[in-house]
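The values are calculated or read from the model by the stated rules, or taken from the named source; none is laboratory data. Just so it is clear, the model here is predicted, and its values are computed rather than measured. Please note: Cβ atoms are built from the backbone with ideal geometry, for glycine as well, and neighbour counts cover all protein chains shown. Only protein heavy atoms, including side chains, enter the accessible area calculation; ligands, DNA and RNA are left aside. Shrake-Rupley method; radii C 1.70, N 1.55, O 1.52, S 1.80 Å.
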Amino acid sequence: MEKGPFSVEWLAQSSRGRPQPIAAARRPRSPPGGTGGQESPADLGDPGREAETGGAVPGRPRTKFSAAQLQELERSFREQRYIGASEKRRLAAALNLSQSQIKTWFQNRRMKFKRQTQDAR
């Protein structure tokens, strides 16, 4: 039975807080007996699997920044809250991090700064 956007399986998944994207729901199935791209039962939204991962989507592990990296990132943040492309490239090369990690750190740091200033009022 195909998991269309209004099938019982799709509704069960969406009620658990993990709606399936419509594009994925319309993905053509491979012929019966073939293994071409079919998901295993472990990948099909097993409720026990959510409890194991704490509801987080499996993927890249969390980056643990060193004290030296944090010191340089904080210094750069004090100078300018929004990082430009050239500074992002410089920091990424100097700290051995990706530009994406630098961008994300600055986004998170701005949100932390915003929370701190709102709490201080």
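Any residue at all in the range 84-98 that's among the aliphatic types (A, V, I, L, M) and in contact with a Lys or Arg (Cβ under 7 Å, 6 or more places away or on another chain)? Within the range 84-98, not a single residue is among the aliphatic types (A, V, I, L, M) and in contact with a Lys or Arg (Cβ under 7 Å, 6 or more places away or on another chain). The set of residues in the range 81-121 that are open to solvent by 40 Å² or more (accessible area, probe 1.4 Å), under 18 Å from Lys64 (Cα atoms) and either of a type in the set (S, T, N, Q) or outside any helix (DSSP H, G or I) (or both) comprises Asn96, Ser98, Gln99, Ser100, Thr104, Gln107, Asn108.
Cβ-Cβ distances below 8 Å connect the following pairs, each with a first residue in the range 65-83 that is touching a residue at least 12 places away in the same chain (Cβ under 8 Å) and within 15 Å of Met111 (Cβ to Cβ), a second residue that is part of a helix (DSSP H, G or I) and aliphatic (A, V, I, L, M), and a separation of six or more residues or different chains: Leu73/Leu91; Leu73/Leu95; Leu73/Ile102; Ile83/Leu91; Ile83/Ile102.
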